[in-house]
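These notes are about the structure you will find just below.
The values are calculated or read from the model by the stated rules, or taken from the named source; none is laboratory data. Just so it is clear, the model here is predicted, and its values are computed rather than measured. Cβ: placed from backbone, ideal geometry, glycine included. Neighbour counts: every protein chain shown.
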Amino acid sequence: MIVTNGRHFMHKWLNERVTVSFSADFRAIGWTEHGMLKAVVGYTDVNGKTAQIHVAAEGKYWMRREFLWYTFYYPFIQLDLTWLIGVVNANNDTALKMDTNIGFEEFARIPDGYADGEDLVMLRLHRGSPRVQRWLSLGERYGKSITTRTA
């Protein structure tokens, strides 16, 4: 089930897994199974055109199509953003693979950008990209069945 309320609770859950500073513009969506949060997608630095995206999850099978659809629907349709920006440690192969499979593309790399000496990889995803448009087109199916609750 998709959760859209309880941003303070979702921030705490997300921040325990990836470092995300809480700010007035922090937004989040979550995925629950059996009443427990399994994944949270947070959005920060929301400026009217762009936001930074942060993702954390528990287990291997958290990425449901409905949740992935809403991960795009929320920023690109509800918030009317143009770009999502992601920042990933270059040694995080799992995150880089997931992000590029979803449609993010690398646009910058900062050598030695993390405290562990690894590069900081900057990724971007445009609202008009074919993969985003494909996922948004599924809204007819998922948008009618979306259920939200307070975390």
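General remarks:
- Tabulated pairs, region 9-34, first closer than 22 Å to Gly48 by Cα and charged (D, E, K, R), second part of a helix (DSSP H, G or I) and modelled with pLDDT of 90 or more, C-beta under 6 angstrom, 6+ apart or interchain: none
- 2 or more residues farther than 18 Å from Arg17 by Cα: qualifying strands (runs of 3 or more DSSP E) within region 33-90: 50-57, 83-89
- Scanning region 96-106 for residues that are assigned to a helix (DSSP H, G or I) and either of a type in the set (Phe, Trp, Tyr) or surrounded by fewer than 18 Cβ atoms within 10 Å (Cβ to Cβ) (or both) turns up Lys97, Met98, Thr100, Asn101.
- Qualifying residue in region 123-131 (condition: part of a helix (DSSP H, G or I), over 14 Å from Ile77 (Cβ atoms) and either modelled with pLDDT of 90 or more or under 17 Å from the mean Cα position of the chain (by Cα) (or both)): yes
- The set of residues from region 132-142 being more than 18 Å from the chain's Cα centre (by Cα) and either part of a strand (DSSP E or B) or polar (S, T, N, Q) (or both) comprises just one member, Ser137.
- Within region 106-135, residues that are closer than 17 Å to Ala51 by Cβ have Cβ atoms under 8 Å from residues that are modelled with pLDDT under 95 and in a loop (DSSP other than H, G, I, E, B) in these pairs: Leu125/Gly103; Ser129/Gly103; Val132/Gly103, counting only partners at least 6 apart in sequence or on another chain.
- Complete set of residues in region 17-55 that are within 18 Å of Met98 (Cβ to Cβ) and in contact with a Gly (Cβ under 6 Å, 6 or more places away or on another chain): Val20, Val40, Ile53, His54
- Residue match in region 50-65 (condition: among the charged types (D, E, K, R), at pLDDT below 90 and surrounded by 14 or more Cβ atoms within 10 Å (Cβ to Cβ)): yes
- Being modelled with pLDDT of 95 or more and either of a type in the set (S, T, N, Q) or under 13 Å from the mean Cα position of the chain (by Cα) (or both) is a condition met by at least one residue of region 101-121.
- Qualifying position, being aliphatic (A, V, I, L, M), at pLDDT 90 or above and either touching a helix residue (DSSP H, G or I) at 6+ places or on another chain (Cβ under 9 Å) or buried (at least 20 other Cβ atoms within 10 Å of the Cβ) (or both), among Val3, Val40: Val40
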